[in-house]
Amino acid sequence: MTISVDRIEQEPGTESDSGGQAASDGIIGRPGAVLYRIVALSAILLLVSQIAFAWFSLKGFEQVLKPQLERKGEVVGRAVSDLITFGVSGLEIPPDRLVGVDAYFNSVMSKNAEIEFMALLDRDGDTLVLTHNDEVTDSGRDLRSSLSDLSPGGQMGDRITSAFPIEVDGDVVTTLLVGISTEYVSSRLSDIYFDVVTVIIVSWLVTLEFMKFFMSTKITSPLSSISIALARGRKGVFADHLVIRARDEVGRVMASLNDLLHAMQQRYEDFRFELREIRNAQLDRSVAEKVQGIKVKVDGTYRFLGGQEIRHKSSTQIRVPMFLLMFSEELSRPFLPLFVSRLAPQDSSISTEFLVGFPITVFMLVAAVFTPIGGMLSDRFGARRVFLMGAVPAVVGYFGSFLTVGYLDFIFWRGLSGIGYGLIFIAAQAWVAENAKGQNKATEMSIFVGAVFVGMICGPPFGGIIAGRLGYETTFLFSAGLALVSGLIVYFTLDDVRRHSKKSGFMRPAEFAGWRMLLLDKRFLAVAFFAAVPGKFIATGFFFYLLPLHLNEIGNSQSVIGWLMMLYGLSTFGSLRFVSWIADKTGNYRILVASGVFLTGFGCVVVHPAVGIPNANVAAAFAILCLGIGHALSLTSQLAMVQESAIRFQGAIGATSAISAYRVIERLGMVLGPLVAAPLAIMFDLDVAIAGIGMITLAFVPLFLITTYLSGSHAGSGAMHARGGVK
């Protein structure tokens, strides 16, 4: 038998656990606080050093970039001026009679995007030919009038210019001007600034997650196990054994404590043997009875045999593996529809919009199918084993996507990744459900949801950088590596108690009955169909599918798209802890869920041009923020309501199976999202289609409120909260 640090079983005949738990809290509270201060200090120092290094590097880069661009302008100008010199001097063609100069200038600038204009002036400074780059030059500027005020080799407004006089017999007959816009330099530097800030944020968050994880697994968790052993020893229980996963300094302390406990158990065995020998040697029956009474008294006061393993298992242990999995999946989020549109066959009779959305639908459908399978496997074999099962198809699917050569094989690899995603997602959630503390369901579940959304913060912007600089396919290679690391962490750091099934088969009849009872519960159906389904419907229809296409259509780069999509994870993660605290404090999960669904739909409606927001990027950012905050309001409270439903049918269905049933229904919304968004994108503009997705989501809010009111959940949650939580 195993003792979890978060769940101490009271021994028969011993005093209450409250004292032991208090001792545990006293021992662990202070080191835990110190460790978190160490993590916070290290994170601050890391962030400051990163910012300082980035600042000096960018300043140095900026100082080098402008001279390099000037030299490039000189190289290009000299090559062009040599050709013009050959025509004017060698072929004796007057400058105003040169043919094809316009087209030649255009071809040169198409290969050198930083060049804003090229001009040819006569001996009096009048413009003969002027060609400018429309993507760089503001069309409202009058370049011709500015050229007359130019001092050769100097600056013309915000342009860096280079002049190349062309002489015939020592007389300057024409002058070539090459202009490089400093605005172009600033825009390129801005892109680099965004990329550098992205790398700083992602690396800082990843480092922070791993620091907390290793501090917990290497220090806090072993100390918790030691404190439990000491607390139980104070009650006279010396029969336990500490599970040691490392041989570092703390591990050696645990080993020493194990040696001490083993020595005490061995001495007790010697004591029992000697006591038995003394009792058997007595001729006087009363003396023998007194000896036996001593043994009974010792056995009633102390316990040296029949010990248990003490190991640390908590919901926080799954955070880093889940974070890495979500990080790997979110890397492709900013460009996935664009990548699929490039793979989609152009001669197909099916519309491109449906072809673009189909891989997303397949991924979500496969994940939905394997979610209940993962839930039942987790109940039977443990969450750790199911997590490792899912890591295999996830890694293979991502690596296959990296090697993809066509549309159909990409769908296959995405489906394989969906198998891993479905198994891992429910296994991680099952780990939290198994190890969560009773009265803080929403707070404990926020640990899981927080890991998901930290991955969503890191994935899109970093994936946008990789896609923009190394190509779409390379991003999937990074995803495969992250998923592999996630599986290795679970394999080497998590413990799972082996479970045995008395009956073979996929699902026992009792489990079928439990599912049937759950699906007849109005409160569960309201949460699943009228809150979870629209929440995921808008996530896949808007965030996964329409949003990247819309942001690309209005002229954003991959890096900017990733940055804007990062707002979703930031807004969700930033409000998650506060929202979950409010949910557990008030117990009014119903109102929080309804508010969250309403906010997600409202944000998408605002994207419609009729609302009047002039800047499309601002409207899209507002919709993303509403989606993130709305999901924070809704998600943890939904999971708390699902667990309440499972508790009502305790014995018929477990918490993990209830959550897996909820996830299956929830993923129906993820499947429907692209299927509904595609025809909307065909019939309307993308911003109108996004508003349509929002209107559909808003329609579910009154359905949820009415159904939960009729089921009586508006009173149930409050009543249970008033009694101190669900028992």
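The values are calculated or read from the model by the stated rules, or taken from the named source; none is laboratory data. Nothing here was measured: the structure is a model prediction, and the numbers come from that model. Glycine gets a Cβ as well: all are built from the backbone with ideal geometry, and neighbour counts include every protein chain shown. Ligands, DNA and RNA are excluded from the accessible area calculation, which covers all protein heavy atoms including side chains. Shrake-Rupley method; radii C 1.70, N 1.55, O 1.52, S 1.80 Å.
Computed from the C-beta positions of VAL75 and ASP169, the FRET efficiency with R₀ = 25 Å rounds to 0.40. Residues whose amide H comes within less than 5 Å of that of LEU98, counting only those at least five positions distant or on another chain, are absent (H built at 1.01 Å from N in the peptide plane). Applying 0.36 nm per residue to the separation of VAL688 and ILE38 and subtracting their alpha-carbon distance, the gain on full extension is 229.0 nm. Each residue, GLU269 and LEU408, gets one label point 7 Å from its Cα in the Cβ direction; the gap between the two is 6.7 nm. Specify whether the C-alpha gyration tensor of the stretch 350-434 places it in the rounded, prolate or oblate class, a ≥ b ≥ c being the square roots of the eigenvalues: rounded for a/c under 1.5, otherwise prolate if a/b is larger than b/c and oblate if not. Prolate shape, in that a/c is at least 1.5 and a/b is the bigger ratio. For the stretch 257-274, the Karplus equation 6.51 cos²θ - 1.76 cosθ + 1.60, evaluated at θ = phi - 60°, returns couplings of 5, 4, 4, 5, 5, 5, 5, 5, 5, 5, 5, 5, 4, 5, 4, 4, 5, 5 Hz by residue, with Gly and Pro reported as x.
On a per residue basis, the stretch 37-118 carries 63 Å² of accessible surface, using protein heavy atoms and a 1.4 Å probe. If you sort the three axes of the alpha carbon gyration tensor as a ≥ b ≥ c, you get a/c of 1.5 or more for the stretch 186-261 and a/b above b/c, which makes it prolate.
Gain in length, VAL369 to ARG234, computed as 0.36 nm per residue apart minus the alpha-carbon separation, to one decimal in nm? Contour length minus Cα-Cα distance gives 43.6 nm. In a reduced charge model with +1 at each Lys and Arg Cβ and -1 at each Asp and Glu Cβ, the stretch 293-349 shows a dipole moment near 540 debye about its Cα centre. Each peptide in 552-560, 522-530 receives the mean, over its residues, of other Cβ atoms within 10 Å, and ordering these scores from highest gives 522-530, 552-560.
With a 10 Å radius around each residue's Cβ, average the other Cβ atoms per peptide and rank 235-241, 392-398, 345-351, highest first.
Packing order, densest peptide first, comes out as 392-398, 235-241, 345-351.
In this simple spin-label approximation, LEU305 and LYS290 carry label points 7 Å from Cα along the Cα→Cβ vector, and these lie 2.5 nm apart.
The H on the amide N of THR161, modeled in the peptide plane, is under 5 Å from the matching H of MET156, ILE180, each at least 5 residues off or on a different chain. In the stretch 558-706, a dipole from Cβ-located charges (positive for Lys and Arg, negative for Asp and Glu) runs towards its positive end, and of ALA621, ALA646, ILE659 it is ALA646 whose Cα lies farthest in that direction. With an a/c value of 1.5 or above and a/b not larger than b/c for the gyration tensor axes a ≥ b ≥ c computed over the alpha-carbon atoms, the stretch 357-407 is described as oblate. Between LYS59 and ASN615, what's the calculated FRET efficiency when r is the beta-carbon distance and R0 is 30 Å? Round to 0.05. Taking R0 as 30 Å, the efficiency between LYS59 and ASN615 is 0.50. Database remark: amide H of VAL129 closer than 5 angstrom to the amide H of LEU120 (H placed geometrically; neighbours at sequence offset of 5 or more, or on other chains; Pro and chain starts carry no H).
Considering only Cα-Cα distances, which of the following residue pairs are longer than 27 Å: LYS235/LYS585; LYS218/LYS585; LYS235/LYS290; LYS235/LYS313; LYS313/LYS522; LYS212/LYS313? LYS235/LYS585; LYS218/LYS585; LYS313/LYS522, as the Cα separations exceed 27 Å there.
When a 1.4 Å probe is rolled over the protein heavy atoms, the share of accessible surface on the stretch 256-371 that falls to carbon and sulfur comes to 58 percent.
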